Amino acid sequence: MTRRITSEMVEIREGQKRIEEGQKEVRGKLKEIRKESKKLKDEAELITKQSAANQLRLDLMFQIVKARAENDSAKDARLTQTLRYYSMDNHAKRDGHLLGSSQQQKGKKRKSDGELANDLKKMKEGLKRDLKNLDKEIAQLSNIVENQENLMDDLLLQLVAHLSFLVQSFYSFP
């Protein structure tokens with residue numbers, strides 16, 4: 001009788017160890033997912049900032065075209081200067097260089113605004129897809145954790161039942 005209880009207790013301990021190992025693994029995966037999610041959010045934020053800067057430049061370009069159509073050379077010059085400032089400032093921030101480092105960019109072929117917009121759109125779609133996948137993985141891992149918690153509860157109930165049986169049998173013998 002006590003051998004059976006002892007073997008069941010050993011079995012319960014092994015089950016608890018497996019559950020603990022599974023929980024450690026799930027915690028590790030959740031940590032990786034959170035890290036990847038933060039990275040993706042940072043990338044999405046950068047893309048949003050770049051998109052806003054591109055929109056500002058496009059608005060300035062439109063105003064320049066409008067000023068030229070109206071033969072307003074003063075407004076044209078002011079807007080062109082503003083566009084140059086924002087373009088140089090944006091390139092310096094993006095490339096991690098100081099203002100005026102555009103000399104290094106000479107000779108390199110630049111992408112058109114349309115190509116940049118398409119690239120940004122593709123990156124944004126990819127990030128959205130990755131975030132959806134991360135959400136699915138988090139949901140799956142949450143289900144695994146919940147299942148393991150339920151298993152742990154079941155094992156604890158079995159342990160309590162066996163211990164109470166053991167105590168009763170111990171006190172029932174004279």
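Here, each number is a calculation from the coordinates, and none is a lab measurement. This one's a predicted model, so the numbers in the text were calculated from it and none came from an experiment. Backbone-built Cβ (ideal geometry, glycine too); neighbour counts: all protein chains shown.
Local charge for Lys31 was computed over the other residues whose Cβ lies under 12 Å away, with Lys and Arg +1 and Asp and Glu -1, and equals +3. Note that the stretch 159-166 has calculated 3J(HN,Hα) couplings of 5, 4, 4, 5, 5, 5, 5, 5 Hz, one per residue in order, obtained from phi through the Karplus relation 6.51 cos²θ - 1.76 cosθ + 1.60 (θ = phi - 60°); glycine and proline are x. Placing +1 on the Cβ of every Lys and Arg and -1 on the Cβ of every Asp and Glu, with no other charges, gives the stretch 2-172 a dipole of roughly 1080 debye about its Cα centre.
Using the number of other C-beta atoms within 10 angstrom as an exposure proxy, rank Glu146, Glu36 with the fewest first.
Glu146, Glu36
Filter Lys66/Lys121; Lys29/Lys49; Lys38/Lys124 down to the pairs with a C-alpha to C-alpha distance above 25 Å, please. With Cα atoms farther than 25 Å apart: Lys66/Lys121; Lys29/Lys49. Computed from label points 7 Å out along Cα-Cβ, the spacing between Arg34 and Glu8 is 3.9 nm.
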